[in-house]
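> Structure incoming, see below.
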Amino acid sequence: MSDFFATIEALPFSTWLRESNSIWAYPTMLTLHTVGLALLVGASAALDLRVLGGGKTLALADLRPLFRWMWIGFWINALSGVVLLMADASTKAAAPMFLIKLGLVAVGVVVMAVQRREVFAPSAAVTPTAKSLALASITVWFVAIAAGRLMAYPGLFFGL
Amino acid sequence: MSHWIVTTLKATSVSHFMVTSEWAWPLCETLHFIGLALLIGTVGLLDLRLLGRMRHMSFAAVHSLIPWGIAGFVINLITGVLFFVGAPDQYLANVAWWYKLAFLAIAGINVLYFETTQAQRALAIGSGDDTPRAFKVIGAVSIVSWFMVLYWGRMLPFIGNAF
């Protein structure tokens, strides 16, 4: 497996990403990753905060289009994330904080999919399940952001 | 002038704490990203409505989420000031930081103009209504300038050399 990541890291594209001074290499990928974060976590948080009691005049069913923005943000980040990983594959893939972040993103996406069914269930009222899901969603995404940030500080969080 | 700002700020205990504490900088960065998501998520949605998209919602309904966007902005203002107090020299010397500030000013003037002079008119926009051209311009200026704030913020370590 570590051979695999070393091979990825040695690809011309990965080397270019890592070593080029071009603004289109690493900096642009990081920017895309931040834009994706804003769309995914921003749209998700807007829905979660509405479910948890903010903005009561807003009909929940009207927020359905937010899911499109969440998925757009998710795919921007999945793609830019793969590219960012390629640049430092062997270091990042072995970093505990990266695996934690990946796990959190996986949980976040599952919560998002379940949420879509629960929030827009036929009954108009917000169910306790919908509230729990909203709380889980906003918590998981915020912690995922923290994990992503901490990847730049290996070892800081209890040695991770 | 800028020399005076740098020496004065760097002499403060807050500045010292920001650069010597292992945790302060990464924690503020994390909060800065969370604030960014709250701001773009709610203000971006309102901008889309001003642009005449997401028309099934009344303006007032979308606007009810704005307090969370303000909360995101306040989080980012506080953490942003802490970064600046921690390392004022690296920002003042960084052209990306000045661009970021310029777009922040455009976004700020735009929203203040809108909220102080157009709010009443905007609240009358019901579900299904299109928006007047002036509102489309305000929405476009808002969304473009906030994404430019994000872009130049992200460029800080690459165009200048801020950490």
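> Out of (1) among the hydrophobic types (A, V, I, L, M, F, W, C); (2) facing another protein chain (nearest Cβ under 10 Å); (3) open to solvent by 30 Å² or more (accessible area, probe 1.4 Å); (4) not in a helix (DSSP H, G or I), what's the single condition that is false for A:A61?
Failed condition: (4).
> Further question: Of all the residues that make up segment B:4-57, how many are away from chain A (no Cβ under 12 Å), of a type in the set (G, A, S) and either touching a Leu at 6+ places or on another chain (Cβ under 8 Å) or open to solvent by less than 20 Å² (accessible area, probe 1.4 Å) (or both)?
Here is the first cut: in segment B:4-57, the ones away from chain A (no Cβ under 12 Å) are B:4-20, B:50-52.
Next, only the ones that are of a type in the set (G, A, S) stay: B:11, B:13, B:15, B:52.
Retained after the next criterion (residues that are either touching a Leu at 6+ places or on another chain (Cβ under 8 Å) or open to solvent by less than 20 Å² (accessible area, probe 1.4 Å) (or both)): B:15, B:52.
Number of matching residues: 2.
> Consider segment A:64-77. How many of its residues are among the aliphatic types (A, V, I, L, M), open to solvent by 10 Å² or more (accessible area, probe 1.4 Å) and free of Cβ contacts under 8 Å to residues at least 40 places away in the same chain?
Here the count works out to 1.
> Scanning for something within 14 Å of another protein chain (Cβ to nearest Cβ), in contact (Cβ under 8 Å) with a residue 24 or more places away in the chain and under 18 Å from A:L30 (Cβ atoms), does segment A:128-144 turn up at least one residue?
Looking only at segment A:128-144, we keep the residues that are within 14 Å of another protein chain (Cβ to nearest Cβ), and these are A:134, A:137-144.
If we keep only those that are in contact (Cβ under 8 Å) with a residue 24 or more places away in the chain as well, we get A:134, A:137-138, A:140-144.
Narrowing the set further to residues that are under 18 Å from A:L30 (Cβ atoms) leaves A:144.
Yes, segment A:128-144 has at least one match.
> Would you call A:A113 among the hydrophobic types (A, V, I, L, M, F, W, C) and out of contact with any helix residue (DSSP H, G or I) (no Cβ under 6 Å at 6 or more places or on another chain)?
It is true that A:A113 is among the hydrophobic types (A, V, I, L, M, F, W, C) and out of contact with any helix residue (DSSP H, G or I) (no Cβ under 6 Å at 6 or more places or on another chain).
> Here's a follow-up. Starting from segment A:1-25, take each residue that is modelled with pLDDT of 90 or more and list its partners that are acidic (D, E) and outside any loop (DSSP other than H, G, I, E, B), counting only C-beta distances under 9 angstrom and pairs at least six apart or across chains.
Pairs found: A:T15/A:E9.
> Do you know which residues across segment A:1-30 are part of a helix (DSSP H, G or I), out of contact with any Phe, Trp or Tyr (no Cβ under 6 Å at 6 or more places or on another chain) and within 11 Å of another protein chain (Cβ to nearest Cβ)? Reasoning before the result, please.
From segment A:1-30, those part of a helix (DSSP H, G or I) are A:2-10, A:12-19, A:26-30; that's our starting set.
Adding the requirement that they be out of contact with any Phe, Trp or Tyr (no Cβ under 6 Å at 6 or more places or on another chain) leaves A:2-10, A:12-16, A:18-19, A:26, A:28-30.
Answer for segment A:1-30, where residues must be part of a helix (DSSP H, G or I), out of contact with any Phe, Trp or Tyr (no Cβ under 6 Å at 6 or more places or on another chain) and within 11 Å of another protein chain (Cβ to nearest Cβ): A:Y26, A:T28, A:M29, A:L30.
> Among the numbered criteria (1) outside any loop (DSSP other than H, G, I, E, B); (2) within 14 Å of another protein chain (Cβ to nearest Cβ), which single criterion is violated by A:L79?
Checking A:L79 against (1) outside any loop (DSSP other than H, G, I, E, B); (2) within 14 Å of another protein chain (Cβ to nearest Cβ), the one that fails is (2).
> Which one is surrounded by the fewest Cβ atoms within 10 Å (Cβ to Cβ) among residues in segment A:1-14 that are over 19 Å from A:L79 (Cβ atoms) and hydroxyl-bearing (S, T, Y)?
A:S2
> Would you mind finding the one in B:A134, B:A124 that is more than 13 Å from chain A (Cβ to nearest Cβ), of a type in the set (G, A, S), open to solvent by less than 60 Å² (accessible area, probe 1.4 Å) and farther than 15 Å from A:L30 by Cβ? Don't jump to the end; show me each part of the working.
Values: B:A124 fails: open to solvent by less than 60 Å² (accessible area, probe 1.4 Å).
Answer to the selection: B:A134.
> Looking for something within 12 Å of chain A (Cβ to nearest Cβ), assigned to a helix (DSSP H, G or I), open to solvent by 50 Å² or more (accessible area, probe 1.4 Å) and more than 26 Å from B:T131 (Cα to Cα) - is there at least one such residue anywhere in segment B:82-93?
No.
> Any idea how many residues of segment A:41-58 are within 7 Å of another protein chain (Cβ to nearest Cβ) and touching a residue at least 12 places away in the same chain (Cβ under 8 Å)?
Total meeting the criteria: 7.
> Next question, about the same structure. Have a look at B:A119, B:A60 and point out the one that is more than 14 Å from chain A (Cβ to nearest Cβ) and aliphatic (A, V, I, L, M).
After applying the criteria, what remains is B:A119.
The values are calculated or read from the model by the stated rules, or taken from the named source; none is laboratory data. What you see is a predicted model, and the numbers here were worked out from it, not measured in a lab. Neighbour counts are summed over all protein chains in view; Cβ atoms, including those assigned to glycine, are modelled from backbone coordinates with ideal geometry. In case anyone asks, the SASA skips ligands and DNA or RNA and just uses the protein heavy atoms, side chains included. Shrake-Rupley method; radii C 1.70, N 1.55, O 1.52, S 1.80 Å.
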